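These notes concern the structure reproduced below.
The values are calculated or read from the model by the stated rules, or taken from the named source; none is laboratory data. Just so it is clear, the model here is predicted, and its values are computed rather than measured. Note: ideal-geometry Cβ built from the backbone for every residue, glycine included; neighbour counts use all protein chains shown. Areas reflect the complete protein model, heavy atoms only, side chains present, ligands, DNA and RNA absent. Shrake-Rupley method; radii C 1.70, N 1.55, O 1.52, S 1.80 Å.
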Amino acid sequence: MSASRDLVDAIFARDEPSWLQVGRSYLGLNEYKGNRHNPKILEWWQLIRMPFTDDETAWCAGYVGGVLEECGIRSTRSAGAKSYYWNRWGQVLSGPCVGAIVVFWRKTPNGKYGHVGIVVGRDRYGNLMVLGGNQGDTVSIKPFSVDRVVSYHYPNGHKPGLIGFDNLPIVDSDGRVSTNEA
């Protein structure tokens with residue numbers, strides 16, 4: 001195990017929701033270039049009942065939905081990142097907490113394009129640290145500007161932790177926010 005992976009595991013060693021544990025087990029999983037497709041991404045499409053047979057289709061909602069479904073939690077079963085917002089999925093939260101499903105806008109604040117991931121913390125630059133799929137064509141933890149947040153959600157039947165940006169653990173980051181989620 002690498003030193004950076006050891007650091008990630010140490011950061012997340014505290015109590016965390018099952019979907020965050022499962023989600024971070026896929027860190028580093030990426031799209032395949034060319035005619036082949038990553039079988040895990042295809043499996044997530046099947047879990048959320050989407051007809052896609054490739055890993056080029058924007059798959060952030062496939063990742064979040066697939067991870068939730070693996071944990072026995074019904075997702076929105078949509079390929080739309082903003083479906084968690086549009087459908088008012090789960091418990092709508094007033095702010096972030098570890099394990100919250102966070103929805104971001106992409107391209108324009110009121111447009112149809114978005115991104116979805118799982119909150120893991122904050123960095124010292126004031127960004128949310130988000131575990132997500134299709135972040136640079138891989139599963140990764142990246143910083144995101146809070147200015148892009150559309151909504152926060154938590155699965156029904158589960159109790160969220162402390163809500164609020166200042167209650168999030170600090171996660172190391174270079175402060176460069178994500179710009180490649182499609």
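Key figures for this structure:
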{"quantity": "Sequence-distant residues sharing a close amide H with VAL130 (under 5 Å, placed H)", "calculated": "VAL120, LYS142, PHE144"}
{"quantity": "Largest-first principal axis extents of the Cα set of the chain (Å)", "calculated": "42, 39, 33"}
{"quantity": "Within the accessible area of the chain (1.4 Å probe), percent carbon and sulfur", "calculated": "50 percent"}
{"quantity": "Gain upon complete extension [TYR125, GLU56; 0.36 nm per residue less C-alpha separation]", "calculated": "21.7 nm"}
{"quantity": "Extension gain from HIS158 to ARG49, taking 0.36 nm per residue of separation minus the Cα-Cα distance", "calculated": "36.9 nm"}
{"quantity": "Relative contact order (percent, whole number), the chain, Cα cutoff 8 Å, 6+ residue spacing", "calculated": "22 percent"}
{"quantity": "The chain: most fluctuating residue of ILE101, ILE141, ILE163 per GNM, C-alpha cutoff 10 Å", "calculated": "ILE163"}
{"quantity": "Förster radius 22 Å - calculated FRET efficiency between GLU16 and ALA182 (Cβ-Cβ, nearest 0.05)", "calculated": "0.20"}
{"quantity": "Cross-link partners of LYS107 among lysines (Cα-Cα below 24 Å; sequence separation of 8 or more within a chain)", "calculated": "LYS82, LYS142"}
{"quantity": "Rounded, prolate or oblate (a/c below 1.5 giving rounded, otherwise prolate when a/b exceeds b/c) for the stretch 77-149 by Cα gyration tensor", "calculated": "rounded"}
{"quantity": "Helix-only mean residue ellipticity at 222 nm for the chain, each DSSP H run of n ≥ 4 adding -39500 (n - 2.57), per residue, nearest 500", "calculated": "-6000 deg cm²/dmol"}
{"quantity": "Where the stretch 123-182 is the region considered: accessible area per residue in Å², 1.4 Å probe", "calculated": "48 Å²"}
{"quantity": "Net lengthening on full extension, ASN167/ARG74 (0.36 nm per residue, minus Cα-Cα)", "calculated": "30.8 nm"}
{"quantity": "Enclosed volume per residue, in Å³, of the convex hull spanned by Cα atoms of the stretch 40-113", "calculated": "100 Å³"}
